[in-house]
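The values are calculated or read from the model by the stated rules, or taken from the named source; none is laboratory data. Since the structure is predicted, the reported quantities are computational estimates derived from the model, not experimental observations. Ideal geometry is used to build each Cβ from the backbone, glycine not excepted, and the neighbour counts take in all protein chains shown. Surface accessibility is based on the protein's heavy atoms, side chains included, excluding ligands, DNA and RNA. Shrake-Rupley method; radii C 1.70, N 1.55, O 1.52, S 1.80 Å.
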Amino acid sequence: KPGEKYRNNRDGLFGFNLQYERAVSKSIFITGSAGYLLGNGAASILPLKGGVKYLFHPNIYATAEAGTMIVPSGGVDLSLVLSPGMGLRIPVSSESSIDLGLRYDRWQTKPEKQHYMGIRLAYAYSIM
């Protein structure tokens, strides 16, 4: 089972992702992301997600995303993932910020559920 390798992985996962955001109002954004996660001794995971970001304050936000976790080892395994989160944007300039976030990812691999808490540190900049 592809998810089996994550059950006892207490050393954590490390990875990167690219995220796109588009404002639909002053405080609501539509998001899309793709990434790569790798654990100590575990197979790689490729998360693909879309969702919503809501700004409570210009620098404090909550997110809700859903998508799939692709586990390519031993054949491709697709799993539904749900990811609530929250974060803080620290402005660096009028066009960029440092983004510090906390996220909980939960996904199903038959027959078990997998989950982890993630810390995200990102540099965000405007491309438009």
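Some points to look at:
- Answer residue from region 5-17, given it is not polar (S, T, N, Q) and not in a strand (DSSP E or B) and is modelled with the highest pLDDT among those: GLY12
- Unique match (being assigned to a strand (DSSP E or B), hydroxyl-bearing (Ser, Thr, Tyr) and exposed (fewer than 13 other Cβ atoms within 10 Å of the Cβ)) among TYR61, TYR20: TYR20
- Output for region 23-58, where each listed residue is part of a loop (DSSP other than H, G, I, E, B), open to solvent by 60 Å² or more (accessible area, probe 1.4 Å) and closer than 20 Å to TYR123 by Cα: PRO58
- Pair list, Cβ under 8 Å, 6 or more apart: region 16-34 residue farther than 15 Å from ALA66 by Cα and of a type in the set (Gly, Ala, Ser), other residue assigned to a strand (DSSP E or B) and open to solvent by 60 Å² or more (accessible area, probe 1.4 Å): SER27/TYR54; SER27/PHE56
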